Each structure stands twice: as structure tokens, then as C-alpha cells.
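S.K.: To start, I am sharing the structure in question, which I have written as C-alpha cells.
Each reported figure results from applying straightforward, stated rules to the coordinates on display, with no laboratory input. Predicted model, so just to flag it, every value in this text is computed and none were measured. Quick reminder, even Gly has a Cβ in these numbers, built from the backbone with ideal geometry, and neighbours come from all protein chains shown.
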Amino acid sequence: MRVARSWLLGTSVAAICGIGGTAEAQTRRFDVPAQSASTGVLVFAHQAGIQILVSTPVAAGVRTNRVQGSMDVTAALRMLLAGTDLVPVRTGGAITLKRQPAISHAAYTPAADQPVAAPAEQPAAPPPAAPAEAAPDDAQDIVVTGIRASLQQSINVKRAAGNIVDVITAQDIGKLPDQNVAESMSRITGVQITRREGDGSNFTVRGISQNRLEINGRTFLGPGAGGNASLESVSPEIIASIVVAKSPTADMPEGALGATVNLKTKRPLDLADLVVSGRVQGAYTDQAKHLGYRGSALVSKNFSDTLGVLASAAYSNTHTRGYSFDTGGWTRTNNIDGNGDGVNDPGLFRPNRFMARIFDRQEQRLTLNSSIQYRPADQWEIILDGTYTRLKRERSSANYQILLNDNDMGAVADENGTVVSGTFNNVTVRPLVYDEPTEFRSTNLGFSTKYDGDIVKVSADASYSKGRGTDGGPGASFAYVVVPRAGRTANATIDFTKGNPVPDLDLTSNFDLNDPSQYQLASVFDGDNITDNSGYDGRVDFTILTDFGPLQSIQVGSRYEKIQFYSESPQSLPTAASLLGRGDLNGDGIITVDELPGLTYGNDQGSFYPGVDGDFPRDILGGTVDKTVARDTLGLPLPRADNIPLGRVSIKDVEQDTLAFYAKGNFTGEIAGLALTGNAGVRYVTLERVSSGYLSDTQPTQAKARFDYWLPSANASLDLRRNLTFRLAAAMVVARPGLNDVGVSFIPLLVSRTGSRGNPTLRPFEATQYDATLEWYFAPSSALTAAAFYKKVNSFTINVTQSETIVGLSEQIDPSTGQPYGQFQITQPTNGSSGTIKGFELAYQQSLRFLPAPFDNLGVQANYTFVDSKTPLIDEATQAALPLPGLSKNSYNLIGFYEDKTFMLRVAYIWRSSSLTGQGSAAAGGSSYAAARGQLDMSAQVNLTPNVRLTVEGINLTRSVERAYLQTPLRLSSSGREDRRVFFGVAATF
């Protein structure tokens, strides 16, 4: 009997793996503890990279064996199932485990449609009988490659995790029309992203922006403000999976109030022996009317299953165009008659300006990734990883500005005190042209090694990160500030009541507004935002296997991290009077437009905001400017902190050292016959921070802070049924404030007379959180999950705005008005009191295999997140409590797909409700909000051969408009619309 069972298992495994292709044939590393079949099969399938299904009745009462070490999947599967009566059967494209029938009856042939000879090491056996046909009910078990296989792989990772996670895998990422990893993350339940110039650039999880971002489990430091990674420059092509951990374990690095997001790059020994893939696509942007291109390539080679080398690259070159309207904020005034009774009304709000902007951008993105993976022995592994990203964006923008005032006529205010229409006399018209480049570069290097002994496992990891950037950004960098020449006047009639993305505007003047010769120089704006961030970390971890009842293993370890963050935001504003010696070529006492070096005016940029309703100027005066020529000719200094007045006060120089130790226990057992697994532990963290900067150009300053925390955590998972899992988690967490918030600098914004100042005494966010999930995996590639969460935040950070006189700046003359700048509204983060964040998530995905052909190739994914918060933030204008900034109460994803052997189509729609973006002062119009917005994307492919496919992807198909407002939607602060982007080409994998 035992011999017959062994022969049957051996032939089953050999046949299955022989049919399965490269995934099953290659060598992999396994570490699967002995456990119940309901969980052991899932863990094994994830580590083997294959799809294995087992039903509840079949798995009941069966325990699978421990599998450890490097071996091919055939041998590993045989080891897993040895001594059980489980037999693998290939049904269509899936591996399904069945119970072995009685050996005394007709032999059961596990490998469909072909007999298999007995392995040489097994005793001879009679030839097997005719192949067994899968029962009709087994059709539910079929899992095919492509999207469904990708969804199943994500499910396998989620089910095998020791904490609450959501996952998106490489193939799923590749099927979505995403330009960068931020957009890929937005498909995950509870993740919301913000966009910059049409690209996903930052993210929140469950409405929370205090998250930890990792690459291969290490800190992902980048060139952004506060050391944030530049996600818009990271191609999803290099990613194997994105894991969003919503409940922590003690061995995970601290720093997440919302979640820890781990970007896992591809590794060579996880792939076939030789993989060569590439993609070339055209990239059409409809507002820019430009055809660019993008491409990617990957080569991975394994040598003798012990050494693997992988290299990949992704590059794109595109031109994009964006349209935006901006009011430059709103001002509370007592000098406007808002009801027509001839008496000025107190406390009304008027827009500061009408700004029409056209951005023309040339963008180049480069992502390089490499990995060397070496296994000198079954128990020993060494990995070297490297990732490099670069984003270079050259912007030339027209900024047509109408500076408004209190000289009104016929103004109308609504019930909220918002001046929604009126005529403003003697306004200032400024047709500005900006040169505002951005360049971000980041490098991440990592080394890891691990050795798996029979009792003790040890691993070590170290990494280095570097991020540098110069970010002129929209509205910064270089511009000549021009105003009408003496005697030129204009009046503006503006109307917000229609609720369009751009208010109606009618201009009357005594001169040709689009004639450049009618303007003269008032001043120069020359600024930059410069970052230089670096960091390194190292950790060592030990896992001790135990035999103490339910305690399966004990983990202990330590981690050290050092981050250095530097930024400066200098602004140079020389007046026209100071430049007469070099710029006034004809000696008439002014500098006219034709005397400005590097500046060319024209109407080449075309219409402003075409296709949007409204009556406003469409053909605005634009052009180009070359800041290098301007600086050289006029003798302007490069905008650096050491070169210009008050430059050093913008410096933020922060060093942060973190040392942590942890201990964690992993357990498994049963409650009332139900399988229970989990972990519990504690993490000790000590953080030291030094913030340096300048109070003036000659007065340095420094502040130090230290914080210590004990952070317990626990996770438990109970299998109510084989396909129904209930999880509970609880933890204390801390999230460090952004490093840019703890600097000692002051950064003025002269146009709006506002500014920001850091706070070196700012404490980390502290919270106690609770999570619960119910996960039902009711069919292959299908799941229905519900999650609830509650976070008690003990130390919110709040922003306080107050009026200040800035010595050395307030007394300077504003060249636009001829008056001193006066007081500034300065915003500074401070330590606040407690609050709560709570909500729930629902997620559903299903392959609709029960439908008749061809509709059985359809599938759907959907998720919804509700988040509510109670914070100590108070709106100064209304005295009402404010929600957590960046939090949308409601958000959802809807994805539908069709996939057969030849054709694939996927359509994705993402939506989020309005959210608070900043706590504002009443004098400046109140708090700021982003309006609700949705976006429709799609992707499709046609498989020409098993290796070659045609692809097409569309992003922002409806060209939805982004809007922002202050306090009330009619107090519009900005709107923007980006290109509809279409990518098309060919991809191949060999």
C-alpha cells in the first residue's frame, strides 16, 4: 500500500511539473513549516510561484510536511505531500489536490491526457489506466494564466501573511495603464494618491499621509521634500509586487501611522533560467498634440540555479501640456460693497488675482534596476540590489495674471461673504513667462544575506540611499515680472457664479493687452528648491525554531538608521531700478520688454483651456525665456542660499538617528478545532534628531530632540473554514513628522505674503490601533473581504498661522504695488492633542467563470473605503472641527476585465471624495480643500504569439478637471486639466 501510494505521488508530481513549464521546473528556496494542509498548501504555492487549489473537504484533517532548502518544485511538492493521501491533478491550467482513491480499485491517473512512466527510483508498477476526466464541479477550480493567475498570486501572498496586508503583483501591475508606482498603488484597497501635473506623486493609506515607504524592505529615501521618494519617476516595470502592510509586526521598522508600503523588485532566481523581455511604445498626449515614446527591457540569467543576474531599464521621452487657473488665494476685506447699498461690507472675501496658465513640458524619465542573487549553499543566500531613477522636466509656461484690488463696482457677495462677481478698476495686467525646470535623481543600493540553520536562522541587511533634486516647480524658478507702462490702465469684470473651472472674465483697457511693447520690467523673480538627502541603515535578525507547544519560533533583532536631510529655497527678487545699469539699453529710465535678454513673446502656445465652458480670454500672451542668458547678461547670481540676501534662512538641515531592538514570537495552534496562527512582540525605539539652520544670514542656530518608545504588537488569524479567515491585530505605532517640518528655517512666499516655518521640537505621531478583517476566498482568483480599523492618535500635529513682521523683509518694497510688504501670515506646525481615525474597507474580486462562453472570460475587481476622523484642528473662519488633511471620507476603485488566449481588455475607474488639503487662516479665505475627482484608464493587448503581443493603454480618458477651493466651492482657488495620454506598441517576452 505504501509503495503504491509513493509511486502514485511521484508520478503525479512529475507529470504536473512536467506540464507546468518553467515556473515549476526551476529551483526555488523553500521554508514551509509543517502545518494543516489548508494553510500549508497556500504558503507552498506562494514560495513555489505556482497555483495550487485544495477544497475544504479535501484538506480537512490533513497535515503537510515541512519543506526547507533549495530544490526544484517537483521535489519540493513531493516532500510536502509525502505520507498524505493528497494527489496533484492538473485540470486545465491549474493544479488541484485530490484525495487518493483506494489503491485496490482501478488506478487513478493524476496527469490528465497522458500516461507517465514510474520514476526509476520507485518499484515497477502496472501501467496506469485511462486518464481520469475532471468532474463537472471541478471546473470551478480552473485557474488560467494572465490576470486571473496574477490575482490568485496576490491572494496567496495575502493569505500566507502573518499580518493584515493587501497586495498587487507584477503581472497585475503590468496589465494596468500606470505611468509610475504611485498610480499602481492607487489600485489597492484604501490607498489614495495625489497628482502633480497629471502624474501620481504621493499617497495616503486610509486617509493617512504618515506612512512608511520601502524598497525591498529598506527605507526608500528620495529627493523630495522631507526625503520623500519621487514616485512619479519610478517605473512599475521593475516591480515584482507591492505589499501594503496595514498592521505592523514587531520585526517591521517603525514609522507608519497608516501603513508600510514595500516595493519589491524582481529577483533573478525567482524567474526562469533565462528571461528576455522588452516593450516599445509610442506616447501621444492630446493637449500637447505630441507623439513621444517609451520603452523598457529586462534580461535575467541564472547559472546552475545558484547564481542569478538581472538588469532592467525603463525610459520615456514625452511632451505634455497642462492648463490651470489660479486665484493666488483670497483676501478678507472691509472695503467692498457686496450688496449694492453704497456702503462697504465688513468681512467679505475677494480673489487676489485671475491667473491663466499654460504649461508646456518636455519630460524624460529613466529607471534602472539590477540584482545579483547568489546561493553558495542550500541554506545560504546573498543578494545585491541597486535602483536608480531620474526625472527631468523642462517647463515653459505662460502665466497671464490680472492682479485684483478693492476698487470695485457692482460687486455681489453670496451668503458666505464670497465676492462671486463684480468689476475691479485699475487692475494690474502681468503677462509673465516662466522657465521652471525640475530634476530629481535617486540611488538606492542594498545588500542582504541570510543563513537558514536547522534551529537558528540569521539574516543581515544594509542599504544606502541618496536623493538630490532641483525643483523650480509651477510658479517658481525664473520669470521677468512685467507691468503695463505708465498711463496704461485696465478694468476687469469677473464672475464665479457659473461654477466653471475658469470664471468668466472681461477686460477693458486703453492699450493693446497682447502687445509686448506696452509693458516694462518691475522686478525679477529667481528662485529654486534644492534638496540633498542621504541615508543608510543596517539590521540583523535571528529566528530560533522552537518546540514549545504552540510557539513555533522566536525572532529577535536590531536595526540602526541614519538619515541626513538638507534643503534650501532661496528667492532672489532684484527690482528694475537695481538693474538699470545693465538693462536700460536706450537710457529712457525703464527696462522695456525688448531690452530683456532671453525673453521672446508670442502666441505659439495656442488657446487657453479649450473645450471648457466659459467666457474668458483664450489667446493669452505667452512665450519663452532663457534664464541662463538672463542671469549672464544682467549679472544675476545663481539662486543659492549663500548667494542672495535671506537665502540662508531657508536652509533646513536635519540629521536623524534611530536605533531599535525587538523580540517576537510566532505561534500556531487550534481553537475548537479551528486553525489559529499569529505573532506577538515588542519593539523598542530611540530616536535622536538635530535640526540646524539660520535665524539670519549670519546667525546659525541648532535644536536637538530625543524620543523613546516601547511599541507592542500582536496579530492573530483564525481559519473559520478553509476559505474563510478572520484576523485581529492590535499595536502601538509612531510616525515621525516630515523632516521638512522639523527644520528651523523660514520660507517666505512674497506674492501671497505668507510663509512657513519649521518646528524642531515637533513630536512624532503616537497612536494605538486596532484592526479586524474577514476574508472569504470563495472561488479561484476570487475573494470578498471586509476590514474595520480604529486608531487612537495621542499626538496630532496641527498647523498654527499668525501674523508676523519679518525683519529685513517686511520693510522692503513690493515692486508690484510700490508699498512695503508689511506683515506675513506665517504657518508653523505645533504639537497638538489627541484624536481618532476610524473606518472600514470592502473589497471584491471575482473571475466570472460560471458564465457561459465567451462571458466566462470576464472578471471584476471593486473596493470601497470609508474613513472618518476627529482631530484637534479647528477652522479659524468657522470654528468647526476639521478632518485629517488629505483624508477623503469616501473612495472606490472599479475594474472590469476580459481575457482569453488572444485578447485582453481592462478598464479601471478610480474616485475619491473631497479632502482637506490645508488649515488656513480666516484672513486668507479659510481652509483649503481638493474637490472630489474621478479618473478613467484602460489597457488592452492582443497576443500575436505566445511571446509577442500588441499593447495599447489610455490614461485620463475623460480628461477630468482637478479643482481646489477655500471654505466653499464658489471660493475657487485653482483648477487644472492634464493631457489624455495614449500609449501603443509591442511587447515581447522570451
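S.K.: Determine, for each peptide in 262-270, 654-662, the mean count of other beta carbons within 10 angstrom over its residues, then list the peptides with the highest first.
M.R.: Working: 262-270: 21.4, 654-662: 19.3.
The peptides rank, most packed first, as 262-270, 654-662.
S.K.: At q = 0.14, 0.15, 0.22 Å⁻¹, what is the base-10 log of I(q)/I(0) for the range 254-311 according to the Debye formula with one equal point scatterer per Cα and no solvent? Please give it to two decimals.
M.R.: Here the Debye-derived log intensity ratios amount to -0.67, -0.71, -0.82.
S.K.: While we're here: Viscosity 0.890 mPa s, temperature 25 °C: give me the Stokes-Einstein translational D for the range 920-990 in µm²/s, with Rh taken as the Kirkwood radius over C-alpha pairs.
M.R.: Working: Rh = 15.2 Å.
This corresponds to a translational diffusion coefficient of 162 µm²/s.
S.K.: If you take every residue apart from Phe565 with its C-beta less than 9 Å away from the C-beta of Phe565, what net charge results, scoring Lys and Arg +1 and Asp and Glu -1?
M.R.: On the way: positive: Lys652; negative: Asp532, Asp653, Glu655.
Surrounding charge for Phe565 is -2.
S.K.: Let me ask you something else. Mind checking which aspartates and glutamates have their Cα closer than 16 Å to the Cα of Lys838? Skip sequence neighbours fewer than 8 apart in that chain.
M.R.: List returned: Glu766, Asp771, Asp868.
S.K.: Let me ask something else. Could you give the distance between the Cα centres of the range 517-557 and the range 907-928, to the whole Å?
M.R.: Measuring centre to centre over Cα atoms gives 27 Å.
S.K.: Lys457: which lysines have alpha carbons under 21 Å from its alpha carbon, excluding same-chain residues fewer than 8 sequence positions away?
M.R.: Lys457 reaches Lys664.
S.K.: Just from its helices, what would the mean residue ellipticity at 222 nm be for the chain, if runs of 4 or more DSSP H residues each count -39500 (n - 2.57) and the sum is divided by every residue, rounded to the nearest 500 deg cm²/dmol? Before the final figure, lay out the partial values.
M.R.: Details: 10 runs with 85 residues, N = 990.
When only DSSP H runs of four or more count, the value is -2500 deg cm²/dmol.
S.K.: Given R₀ = 60 Å, what would the calculated FRET efficiency be for Asp588 paired with Phe778, taking r from the Cβ atoms and rounding to 0.05? Numbers along the way, then the final one.
M.R.: Working: r = 82 Å, r/R0 = 1.36.
Once the sixth-power term is evaluated, E becomes 0.15.
S.K.: Could I get the Rg over Rh figure for the range 353-457? Both from C-alpha atoms, Rh via Kirkwood, rounded to two places. Don't jump to the answer; show the numbers that get you there.
M.R.: Details: Rg = 28.9 Å, Rh = 19.9 Å.
Checking Rg against Rh, the ratio lands at 1.45.
S.K.: Working from Cα positions, state the angle (0 to 90°, nearest 10) between the long axis of helix 2-20 and the longest principal axis of the chain.
M.R.: 30
S.K.: For the range 801-842, what size does the Cα cloud have along each of its three principal axes, sorted from largest down, in whole Å?
M.R.: Principal-axis extents of the Cα atoms in the range 801-842, largest first: 57, 25, 11 Å.
S.K.: Quote to one decimal, in nm, the extra length available between Ala853 and Tyr709 on full extension: 0.36 nm per residue of separation minus the C-alpha distance between them.
M.R.: In short, 46.0 nm is gained.
S.K.: P(r) tail for the range 485-632, what percent of Cα pairs lie past 25 Å? Write out the running numbers ahead of the final one.
M.R.: Details: 6654 of 10878 pairs.
Result: 61 percent of Cα pairs exceed 25 Å.
S.K.: Next question. Please give the peptides 75-83, 580-588 ranked by average Cβ packing (other Cβ atoms within 10 Å per residue), highest first, as a rough proxy for protection.
M.R.: Values: 75-83: 21.4, 580-588: 12.9.
Descending packing order for the listed peptides: 75-83, 580-588.
S.K.: Using θ = phi - 60° and the Karplus curve 6.51 cos²θ - 1.76 cosθ + 1.60, what whole-Hz ³J(HN,Hα) does each residue of the range 704-715 get, with Gly and Pro shown as x?
M.R.: 10, 8, 9, 9, 10, 9, 10, 10, x, 8, 8, 9
S.K.: At Phe661 and Tyr560, where each label point lies 7 Å from the Cα along Cα→Cβ, what is the point-to-point distance in nanometres?
M.R.: With each label placed 7 Å out from Cα toward Cβ, I get 1.4 nm.
S.K.: So, one more: Plugging the Kirkwood radius over Cα pairs into Stokes-Einstein for the range 149-275, at a temperature of 37 °C and a viscosity of 0.692 mPa s, what D comes out in µm²/s? The partial results should precede the final answer.
M.R.: Details: Rh = 14.9 Å.
Answer from the Stokes-Einstein relation: 220 µm²/s.
S.K.: If I take R0 = 45 Å and measure r between the Cβ atoms of Asp406 and Lys289 in this structure, what FRET efficiency does the formula 1/(1 + (r/R0)^6) give, to the nearest 0.05? Can you show the working numbers first?
M.R.: Numbers: r = 42 Å, r/R0 = 0.92.
With R0 = 45 Å, the Cβ-Cβ based efficiency is 0.60.
S.K.: Under a Cβ-only charge scheme (Lys and Arg +1, Asp and Glu -1), can you give me the dipole magnitude of the range 149-275 about the Cα centre, in debye to the nearest 20?
M.R.: Charge dipole, the range 149-275, about its Cα centre: 300 debye, nearest 20.
S.K.: Also: Anything over 25 Å Cα to Cα? Flag those among Lys466/Lys870; Lys246/Lys792; Lys158/Lys901, in the order listed.
M.R.: Details: Lys466/Lys870 37 Å; Lys246/Lys792 15 Å; Lys158/Lys901 27 Å.
Check vs 25 Å cut-off fails for Lys466/Lys870; Lys158/Lys901.
S.K.: Moving on to the next point. Could you state, as a whole-number percent, how many of the C-alpha pairs of the range 212-289 are farther apart than 15 Å? All intermediate terms of the calculation are to be shown ahead of the outcome.
M.R.: Values: 2056 of 3003 pairs.
Considering the range 212-289, 68 percent of its Cα-Cα pairs are separated by more than 15 Å.
S.K.: So how much slack lies between Val299 and Ser810, counting 0.36 nm per residue of separation and subtracting their Cα-Cα distance, in nm?
M.R.: 178.1 nm
S.K.: Another question about this same structure. How long is the gain from Asp697 to Asn943 if the chain were fully straight, where each residue apart is worth 0.36 nm and the alpha carbon distance is subtracted?
M.R.: Details: separation 246, 0.36 × 246 = 88.56 nm, distance 6.34 nm.
Result: 82.2 nm gained on full extension.
S.K.: Give the residue from Ser154, Gln364, Thr64 lying farthest towards the positive end of the charge dipole for the chain; charges sit on Cβ (+1 for Lys and Arg, -1 for Asp and Glu) and the dipole is referred to the Cα centre.
M.R.: About the Cα centre, the residue reaching furthest to the positive side is Thr64.
S.K.: What percentages, rounded to whole numbers, describe P(r) for the range 802-897 computed over all alpha carbon pairs with 10 Å bin width beginning at zero?
M.R.: Going from the shortest bin to the longest, the percentages are 12, 21, 17, 18, 14, 10, 5, 2.
S.K.: Mind pulling the angle between the C-alpha long axis of helix 147-160 and the longest principal axis of the chain? Nearest 10 degrees, somewhere in 0 to 90.
M.R.: Taking Cα atoms only, the helix is inclined about 80 degrees.
S.K.: With charges set only on the Cβ (+1 for Lys and Arg, -1 for Asp and Glu), what does the dipole of the range 456-578 come to about its Cα centre, in debye to the nearest 20?
M.R.: Working: 9 positive and 15 negative charges, 54 e Å.
It works out to roughly 260 debye.
S.K.: Moving on. Could you check the simple spin-label distance between Thr546 and Leu674, using points 7 Å along Cα→Cβ, in nm with one decimal?
M.R.: Reported label-point gap for Thr546 and Leu674 is 2.5 nm.
S.K.: Report the Stokes-Einstein translational diffusion coefficient (µm² s⁻¹, integer) for the chain, Rh taken as the Kirkwood radius over Cα pairs, at 37 °C with viscosity 0.692 mPa s.
M.R.: Working: Rh = 30.8 Å.
For these conditions, the coefficient is 106 µm²/s.
S.K.: What is the angle, in °, between the Cα long axis of helix 37-48 and the longest principal axis of the Cα atoms in the chain? Nearest 10 is fine, range 0 to 90.
M.R.: 60
S.K.: While we're looking at this one, here's another question. For the range 317-394, evaluate the Debye formula with one uniform point scatterer on each Cα (no solvent term) and list log10 I(q)/I(0) at q = 0.11, 0.16, 0.22 Å⁻¹, rounded to two decimals.
M.R.: -0.64, -0.82, -1.01
S.K.: Over the range 276-989, what is the mean sequence separation of C-alpha contacts under 8 Å (at least six apart), divided by residue count, expressed as relative contact order in percent?
M.R.: 10
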